[in-house]
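> Take this structure first; my questions come after.
The values are calculated or read from the model by the stated rules, or taken from the named source; none is laboratory data. If you're wondering where the values come from, they're calculated on a predicted model, not measured in any experiment. Positions of Cβ are backbone-derived with ideal geometry, glycine not excepted, and every protein chain shown enters the neighbour counts.
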Amino acid sequence: MLLIRNIGAIVGVRHEAGKALRGSEMDALPVLHDAWLAVEGERIHSYGQMSECPVRECETIDACGRWLFPSFCDSHTHLVFAGSREREFVDKINGLSYAEIAARGGGILNSADRLHEYSEDRLYDEASSRIRDIISFGTGAVEIKSGYGLTLDDELKMLRVIARIRQDFPLAVRSTFLGAHAVGRAFEGRQDEYVDHVCREMLPAVAAEGLADYVDVFCEQGFFTVGQTDRIFNEAARYGITPRLHANQLHCSGGVQVGVAHGAASVDHLENIGQAEIELLAVSPTIATVLPGASFFLNMCHAPAPELIKAGAAVAIASDYNPGSSPSGDMRFMSSLGCIQLRMTPEQSLNASTLNGAAAMGLAADYGSITPGKVASFFLTKPLTSAAYMLYSYTEPVIETVYLKGIEYRV
């Protein structure tokens with residue numbers, strides 16, 4: 001057993017927490033001051049106040065007033081990619097839009113061209129470096145998508161890299177097949193034929209190797225229609241693969257409706273939604289995942305997170321870590337953006353990036369809060385004045401020690 005004593009405060013302590021927080025539930029972030037935490041193997045055993053700290057002959061750590069937070073749970077990333085796309089960063093500065101860059105052969109297709117030239121080992125090595133980075137930033141559970149392959153062989157290559165990451169690193173990993181991220185170059189101008197290829201060739205191969213927990217589609221003008229999304233999700237259901245969705249990033253595309261209709265685990269982006277979509281998500285088990293890093297980097301409108309919460313929706317925050325529109329996997333920064341740009345409270349933002357992020361990956365029973373029986377994945381910060389301080393002072397290096405599955409992780 002491991003006993004951590006003299007913790008300044010434990011943030012996110014919940015006796016029971018196996019599902020997403022909705023609406024006003026997101027306003028409460030329980031904090032236990034002057035505390036201890038016991039870990040048994042990979043799991044949280046118990047916690048309490050120092051006045052009742054048990055005396056045990058076991059490994060003991062003096063936290064010296066440091067604060068303890070549950071690991072961030074990042075439910076939307078594209079962190080397996082080849083190289084970088086800073087040329088497009090300059091293009092954006094010079095006035096080109098996301099859609100204009102894509103129309104010129106940049107964007108997703110740019111990443112696909114580069115990835116085609118990479119070996120699986122090279123792709124794994126670059127992705128592993130990013131995984132080490134996000135662990136050091138406090139992430140303990142992550143969803144990773146394919147979608148930069150756009151051919152059968154390259155999509156499988158990406159998914160195999162994700163499988164290797166799941167095997168080799170102690171954070172929780174969920175894998176998503178995103179063959180319908182854009183139309184592959186070999187099918188240029190033949191969008192329906194590419195959807196045929198996704199349904200008839202890609203999905204069966206992915207399912208045969210057991211490489212995907214989820215299937216995703218970029219349902220957006222210029223990418224994939226509601227009808228095409230519906231078809232891909234129907235086909236995925238034959239293999240028991242749960243949908244999640246890129247929805248309403250650039251336009252009010254109908255993505256929220258098709259995602260909810262198919263019981264998607266989450267619908268993500270949501271920068272362009274109206275009252276109808278807000279009301280639908282308020283009564284749906286589908287989680288509304290906002291991606292403030294993308295709207296920040298693209299300098300576009302932000303998802304209406306406060307309105308979603310007020311209506312009663314379950315809102316998660318994720319990084320959208322990718323080389324084109326959100327080149328960062330720092331979930332603390334994303335949580336700060338949730339406050340600064342989306343106008344969420346610190347309590348709402350931290351709940352969204354921990355417990356609700358875990359729920360968006362089907363991991364809320366094991367991650368996202370400091371709860372007895374859950375996986376002991378958490379991090380210690382320097383002593384703080386409040387939980388809000390971590391998001392307020394967003395560039396200060398406050399995270400000092402990371403634990404994953406009960407063991408200190410050293411990069």
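> Just the residues that are surrounded by fewer than 18 Cβ atoms within 10 Å (Cβ to Cβ) and over 20 Å from Gly255 (Cβ atoms), please, taken from segment 208-224.
Listed by number, the residues that qualify are Ala208, Glu209, Gly210.
> Sticking with this one: Considering segment 140-189 alone, what residues qualify as being among the polar types (S, T, N, Q) and more than 18 Å from the chain's Cα centre (by Cα)?
Thr151, Gln167
> Quick check on my filter: what residues within segment 1-17 are under 21 Å from Met361 (Cβ atoms) and either modelled with pLDDT under 95 or surrounded by fewer than 16 Cβ atoms within 10 Å (Cβ to Cβ) (or both)?
Selection gives Glu16, Ala17.
> Moving on to the next point. Looking for whichever is crowded, with 20+ Cβ neighbours inside 10 Å, touching a helix residue (DSSP H, G or I) at 6+ places or on another chain (Cβ under 9 Å) and at positive phi here; the options are His269, His246. Which one fits?
His269
> Something else about it: If you check Gly259, Gly263, Gly227, Gly210, which single one turns out to be free of Cβ contacts under 8 Å to residues at least 12 places away in the same chain and closer than 26 Å to Lys19 by Cα?
The unique qualifying residue is Gly210.
> Hey, Lys92 hits all of (1) at pLDDT below 95; (2) within 22 Å of Ile165 (Cα to Cα); (3) of a type outside the set (S, T, N, Q) but one; which does it fall short on?
Unmet for Lys92, out of (1) at pLDDT below 95; (2) within 22 Å of Ile165 (Cα to Cα); (3) of a type outside the set (S, T, N, Q): (2).
> How many of the residues in segment 272-283 are of a type in the set (S, T, N, Q) and either in contact (Cβ under 8 Å) with a residue 40 or more places away in the chain or crowded, with 19+ Cβ neighbours inside 10 Å (or both)?
Matching residues across segment 272-283 total 1.
> Is at least one residue of segment 296-316 in contact with a Leu (Cβ under 8 Å, 6 or more places away or on another chain), surrounded by 18 or more Cβ atoms within 10 Å (Cβ to Cβ), part of a strand (DSSP E or B) and not aromatic (Phe, Trp, Tyr)?
Checking segment 296-316: at least one residue is in contact with a Leu (Cβ under 8 Å, 6 or more places away or on another chain), surrounded by 18 or more Cβ atoms within 10 Å (Cβ to Cβ), part of a strand (DSSP E or B) and not aromatic (Phe, Trp, Tyr).
> Turning to a different aspect of this structure: Tally up the residues in segment 193-221 that are under 16 Å from His269 (Cβ atoms) and either out of contact with any strand residue (DSSP E or B) (no Cβ under 9 Å at 6 or more places or on another chain) or among the polar types (S, T, N, Q) (or both), please.
Final tally of qualifying residues: 1.
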